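Just below is one structure, and these are the notes that go with it.
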Amino acid sequence: MTTHGTAAPTDFIRAIINEDLKTGKYGGRVHTRFPPEPNGYLHIGHAKSICLNFGIAAQYGGLCNLRFDDTNPVKEEEEYVESIIEDVRWLGFDWQDRLFYGSDYFEQMYEYAVQLIKAGKAYVDDLSADEVRQYRGTLIDPGRESPHRSRSVEENLDLFERMRAGEFADGSRVLRAKIDMSSPNLNMRDPAMYRILHAEHHRTGDRWCIYPMYDWAHGLEDSIEGITHSICTLEFEDHRPLYDWFLEELGVYHPQQIEFARLNLTYTIMSKRRLLQLVERGHVTGWDDPRMPTVSGLRRRGYTPESIRSFCERIGVAKTDSTIDVALLEHCIREDLNKRAPRVMGVLRPLRVVIDNYPEGQTEEVDAVNNPEDPDMGMRKVPFSRVLYIEQDDFREDPPDKFFRLAPGREVRLRYAYLITCVDVVKDERTGEVVELHCTYDPETRGGTTPDGRKVKGTIHWVSAAHALEAEVRLYDRLFTVEDPGDVADFESVLNPNSLETVTGCVESSLAGAAPGNRYQFERLGYFCVDSKDSSSGRLVFNRTVTLRDTWAKIEKKL
RNA sequence: UGGGGAUUGGUCUAGCGGUAGGACAGCGGACUCUGGAUCCGUAGGCCCAGGUUCGAAUCCUGGAUCCCCAGCCA
């Protein structure tokens, strides 16, 4: 893979690598890995880690493995493996032939465990989970040694072998490292290395009924793969001494663990457990619901891999707990789509407009620019006729100050078409709702120009009624109403009831063959993409990725 | 009150003894056939207290605050 973006910043991790390179610590090698557990879909926080690990490998001409940390069969599923592979690839990264699974090393890990038992550094404990907890002590009080701690090597070997053979029930025994029950670091108080789990593993089936714990397995996986810099999140800082202890006692290759702060985003929940809950309780339609911060959700929402990578680069890497303003993510997708998305006209909430002085039955085509940011994207023809739809928001019967759009007696420009003046307003007799406008057009202003030099402040978008394509448009907003839903005990109570509004609008005819996943800018509204699941040629469905910056909304708010 | 980490404008982030910089957000303006984009301008910060030094965000001492750890989860 190639390096994305411009010169990567030298954060504290790269500073460490630079130093290691200088001292030749790993013989000039840089080898990282992204080690997800396949128990959920990847989210934007994982994207940060992916960009970091793969980005560093690319930058230093090193390698980055994709490795599934699949040591807990009761939580992991093949579906998650597949989605993770798809997501990492979609983000633009490549692990070549280095797709690994922790479960590939189960036999090796078992042998290492036997080695530790033989060295008198591990023992089989018969205490129940509850007893183990009681023996562990507390944050301030030391723990007590298990009565089984001093079993002979032979007995431990025999017991461990029988654990593997399936002679014991789940939870009845565990293999523990023999370290220090009075360590102030609780992770060092004889942590469990293996637990008995008679569960079907998505890869190893029923070959095993004992499974390694993360702390035991993870460092071994890194060691076996020859990882140089084992990058993980802050909460594992306390585990590093244990990681180091295992590798030291085994006398095997020893990578260096470095911890950084995980990503938090305002108005967003990032915990897999909670995301799962949103899915299971039906608050969203699935892991790939466009409101989800998952990679698949962002993809379906219309985010580009480039925008996500750019975001991950901008947020930086440090050890400070931080919460990034979701506005930065939005900035990144606008920035990317502004340059690349073709412009198109679509009306979300149509208001019928009849051009009284335009010949009935006549149609003409006006020229429209596909992307003012990129002349290479060319021009297109847009049909114009007597009856149009404009945005309801673009008309006010009683326009406030600074409202430049249409109002009774007002003249505005129809983008790329003509200047029109509103001459009559038709309302529903019962509700008083404006249902139709009558306007006149100035034939001299074709293409939106004013031969007499007259200035028109407002330009609005429109779609010819006779040519319009009906489209379902899903208007997404943030999922939560508060900045930090993660701090709210019952985060479901703080869900935004208006996170999705579905409208039936109409779009210009050039969108007829719009392919799923295609992204467009609906002029003056925002960026939209064709929904990859629900859209078809017979029924167009668009997702709003993000609105355009809306200066008028700000002005109006202050009025 | 055990251990491990962290603390720079609203939010992120640079700085490594020598004028505190950038991004996003905010505010003001210019320009505009998208109230978009672009451009220009502007406000706002070193957790606190001592000390070392000609000079401290940076070094030292003490304190404060926040985060993580008592799964047979990762």
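In the range A:12-262, the convex hull through the Cα atoms has an average projected area of 13.6 nm², a quarter of its surface area.
Using only Cα atoms, figure out Rg for the range A:448-559 and give it as a multiple of 2.2 N^0.38 Å. Don't skip to the end; give the middle numbers.
On the way: Rg = 18.2 Å, N = 112, 2.2 N^0.38 = 13.2 Å.
Dividing the Cα radius of gyration by 2.2 N^0.38 Å gives 1.37.
Under the simplified labelling scheme, the A:Ser128-A:Glu280 pair shows an inter-label distance of 2.5 nm, with each label point 7 Å from Cα along Cα→Cβ.
Distance between the pseudo-spin-label points of A:Asp170 and A:Leu559 (7 Å out from Cα toward the beta carbon): 6.3 nm.
Between the beta carbons of A:Asp374 and A:Glu154, assuming R0 = 56 Å, the FRET efficiency works out to 0.15 to the nearest 0.05.
Pairs from the list A:Lys121/A:Lys319; A:Lys75/A:Lys178; A:Lys457/A:Lys557 with a Cα-Cα gap above 24 Å: A:Lys121/A:Lys319; A:Lys75/A:Lys178. Mean projected area of the Cα convex hull of the range A:131-259, taken over all directions, amounts to 8.8 nm². Take every DSSP beta bridge whose two residues both sit in chain A; close to 70 percent of them are antiparallel. The Cβ shell under 12 Å around A:Glu364 holds other residues with a net charge of +1, Lys and Arg each +1, Asp and Glu each -1. Based on the Stokes-Einstein relation at 20 °C and a viscosity of 1.002 mPa s, and on the Kirkwood radius from alpha carbon pairs, the range A:292-430 is assigned a translational diffusion coefficient of 113 µm²/s. Each of A:Glu154, A:Glu306 was scored by other Cβ atoms within 10 Å of its Cβ. Arranged with the fewest first, they read A:Glu154, A:Glu306. Counted over the range A:1-158 with a bin width of 5 Å, the fraction of Cα pairs per bin, in whole percents, is 2, 8, 12, 13, 12, 12, 12, 12, 10, 5, 2, 0. Between the amide H of A:Arg67 and those of A:Phe34, A:Phe100, distances stay under 5 Å, these residues lying 5 or more places away or on another chain, with hydrogens modeled in the peptide plane. If R0 is 41 Å, the Cβ-Cβ spacing of A:Glu360 and A:Leu548 corresponds to a FRET efficiency of close to 0.75.
Sorted largest first, the spans of the alpha carbon positions of the range A:402-471 along the three principal axes are 42, 29, 22 Å.
Each 10 Å bin from zero up to the one holding the largest Cα-Cα distance in chain A carries the following percent of pairs: 3, 15, 21, 20, 15, 10, 8, 5, 3, 1, 0.
Expressed as a whole percent, the proportion of Cα-Cα pairs in the range A:498-549 lying more than 16 Å apart is 37%. The length gained by stretching the chain between A:Asn338 and A:Asp477 to full extension, at 0.36 nm per residue less their Cα-Cα distance, is 48.1 nm. With labels modelled as points extended 7 Å from the Cα through the Cβ direction, what inter-label distance (nm, one decimal) is found for A:Val434 paired with A:Lys118? Label at A:Val434, label at A:Lys118, 8.6 nm between them. Isolated cysteines of chain A, defined as having no other cysteine beta carbon under 4.7 Å away, are A:Cys64, A:Cys209, A:Cys232, A:Cys332, A:Cys422, A:Cys439, A:Cys506, A:Cys529.
Every number in this text was worked out from the coordinates using simple rules, so none of it is lab data. Keep in mind that what you see is a predicted model, and the values were worked out from it rather than measured. As a convention, Cβ positions derive from the backbone with ideal geometry for all residues, glycine included, and neighbour counts pool all protein chains shown.
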